[in-house]
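Participant: Questions regarding the structure given below will be posed in turn.
The values are calculated or read from the model by the stated rules, or taken from the named source; none is laboratory data. What you see is a predicted model, and the numbers here were worked out from it, not measured in a lab. Using ideal geometry, Cβ is built from the backbone for each residue, glycine included, and neighbour counts are taken over all protein chains shown. Each accessible area value is taken on the protein alone, full model and side chains, heavy atoms only, with ligands, DNA and RNA left out. Shrake-Rupley method; radii C 1.70, N 1.55, O 1.52, S 1.80 Å.
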Amino acid sequence: MAGISPISTTHFLFLSFLLFSAVALAIAEDENSFARTVKRKRLGLRKEKLSHFRLYWHDVLSGKDPTSIQIVPPVSNTSMTRFGAVQMIDNPLTETPDPKSKLWGRAEGLYASASQEGSGLLMAMNFAFVSGKYNGSSITVFGRNPFLEKVREMPVIGGSGLFRFARGYAKASTVNIDFTTGDAVIEYNIYVLHY
Ligand SMILES: *[C@@H]1O[C@H](CO)[C@@H](O)[C@H](O)[C@H]1NC(C)=O
Ligand SMILES: *[C@@H]1O[C@H](CO)[C@@H](O)[C@H](O)[C@H]1NC(C)=O
């Protein structure tokens with residue numbers, strides 16, 4: 001018979017399958033268009049290195065220019081641990097325990113009394129560098145600080161600038177504390193993996 005041969009059932013099913021596959025593929029591509037794999041080199045990430053920083057953190061509560069200010073009072077005045085108190089800080093980070101020594105950065109953030117019985121502070125700080133090679137970069141420290149212990153360890157959970165993808169830990173130890181004013185100088189030894 002001349003003319004267009006009728007499409008067989010097999011042909012019809014095959015064509016339908018092709019059409020369906022094309023649509024399915026288009027949807028799948030569209031769903032993943034927001035995410036893709038990137039080569040590390042494209043972001044300038046070459047070799048990961050381990051750095052150690054030793055800085056002195058000055059918690060100044062006294063005087064006319066405090067760097068550490070209580071923003072939330074404790075839930076109860078009878079709490080020995082001042083549970084619930086929150087302190088906002090913009091503490092200098094210097095090269096030696098002397099507050100007049102070279103300023104390398106500032107610890108911006110807050111700490112809160114998170115323990116009802118012990119000395120557990122919750123620390124949430126960005127160590128923002130203001131001088132030298134790391135000026136403009138920052139390290140984020142977030143963790144538990146049982147401040148009565150000799151050495152306290154807190155995680156470094158990230159960073160910015162030269163500290164992108166940073167991870168590591170900080171060890172804090174008290175150099176001196178004035179129990180009448182609350183002023184304290186703390187040594188921070190930070191070990192951080194970064195690119
Ligand atoms: C704690 O004491 C201060 C000062 O006396 C007072 O203003 C505050 O209301 C007290 N807080 C509580 C939770 O009792
Ligand atoms: C740190 O960087 C800021 C912003 O780029 C700049 O204004 C400042 O002079 C720099 N400080 C030092 C000590 O290099």
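Participant: Return the lysines within reach of K39: Cα separation strictly under 19 angstrom, same-chain partners fewer than 8 residues apart disregarded; answer none if there are no such residues.
Facilitator: K39 reaches K47, K49.
Participant: Sort T140, T180 by heavy-atom solvent-accessible area, probe 1.4 angstrom, most to least.
Facilitator: Details: T140 35, T180 130 Å².
Largest to smallest exposure gives the sequence T180, T140.
Participant: Can you pull the one-decimal nm distance between simple spin-label points at L45 and E149, each 7 Å off the Cα toward Cβ?
Facilitator: Here the answer is 3.1 nm between the modelled labels.
Participant: Read phi for every residue in the range 96-110 and hand back ³J(HN,Hα) as whole Hz from Karplus 6.51 cos²θ - 1.76 cosθ + 1.60, θ = phi - 60°, with x for Gly and Pro.
Facilitator: Each residue of the range 96-110 in turn: 10, x, 5, x, 8, 6, 4, 8, 9, x, 9, 9, 9, x, 8 Hz.
Participant: Of G84, I71, V192, whose Cα points farthest to the positive end of the dipole of the range 44-194 (charges on the beta-carbon: +1 Lys, Arg; -1 Asp, Glu; origin at the Cα centre)?
Facilitator: The residue sitting most towards the positive pole is V192.
Participant: For labels at I71 and V38 in the simple 7 Å Cα→Cβ model, what's the distance in nm?
Facilitator: 3.0
Participant: Roughly speaking, to the nearest percent, how much of the range 44-194's 1.4 Å accessible area is carbon and sulfur?
Facilitator: 56
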